[in-house]
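The values are calculated or read from the model by the stated rules, or taken from the named source; none is laboratory data. Keep in mind that what you see is a predicted model, and the values were worked out from it rather than measured. No Cβ is skipped: glycine too gets one built from the backbone with ideal geometry, and neighbour counts run over all protein chains shown. These accessible areas exclude ligands, DNA and RNA; they are computed on the full protein's heavy atoms, side chains included. Shrake-Rupley method; radii C 1.70, N 1.55, O 1.52, S 1.80 Å.
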Amino acid sequence: MVLTNNGDGAQDDNTGDEFVDVLPPTLALASANATSGAAVATIGTNTVTWNGTIAPAGTVTITITATILPAAAGTSVSNQGTINFDGDANGANETAAQTDDPAVGGAGNATTIVVAAIIPALSPFVLMLLCALLAAVAVMKFTRLS
């Protein structure tokens, strides 16, 4: 997420969170960090919060790391955070806006991804066994042809 201050004054670190994102239940939150301020990942509630100041014309990038859960396979996963800011310069975050997917026209669009079927990976041991089995089949086939 990239938060941008398009105002004339700094958006201060006011009381309350400046950014809140509750991830959908098909994602498992792992961590969050930010280029400035403080990003907090609360794993138990699948929630990311951010607090800090953004200078006029400044930005902060919040990186959220999550795992796509198997229940999401073959579905669409949508996510949208809330930005809280001081719209009237009185020192309190009384105005809120939804995050917007810049790839979608208009404002306030959730970001949506389509999750393809999840293909399980084999462990290295199982892969070795599979290779050995295929090699044995190849040797038996070669021996019959000789």
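Couple of notes before you dig in:
- Where the chain is the region considered: accessible area per residue in Å², 1.4 Å probe: 63
- Given (i) 46, 43, 34; (ii) 51, 34, 23; (iii) 88, 30, 27, the label whose value is Cα extents along the principal axes in Å derived from this model: (iii)
- Each residue, I68 and A121, gets one label point 7 Å from its Cα in the Cβ direction; the gap between the two is 1.5 nm.
- For the pair D13 and V139 in one chain, pulling the backbone fully straight at 0.36 nm per residue adds 38.4 nm over the alpha carbon distance.
- A simple spin-label model places pseudo-atoms 7 Å from Cα toward Cβ; at V20 and S78 they are separated by 2.0 nm.
- Angle between the chain longest axis and helix 124-145 axis [Cα atoms, degrees, rounded to 10]: 30
- Gaussian network model of the chain, springs between alpha carbon atoms under 10 Å - residue of V126, V22, V104 with greatest fluctuation: V126
- In the elastic network of the chain, a GNM with C-alpha springs shorter than 10 Å, the most mobile of A132, A28, A92 is A132.
- The distance between label points at T59 and L130 comes to 4.1 nm (points 7 Å beyond Cα on the Cα→Cβ vector).
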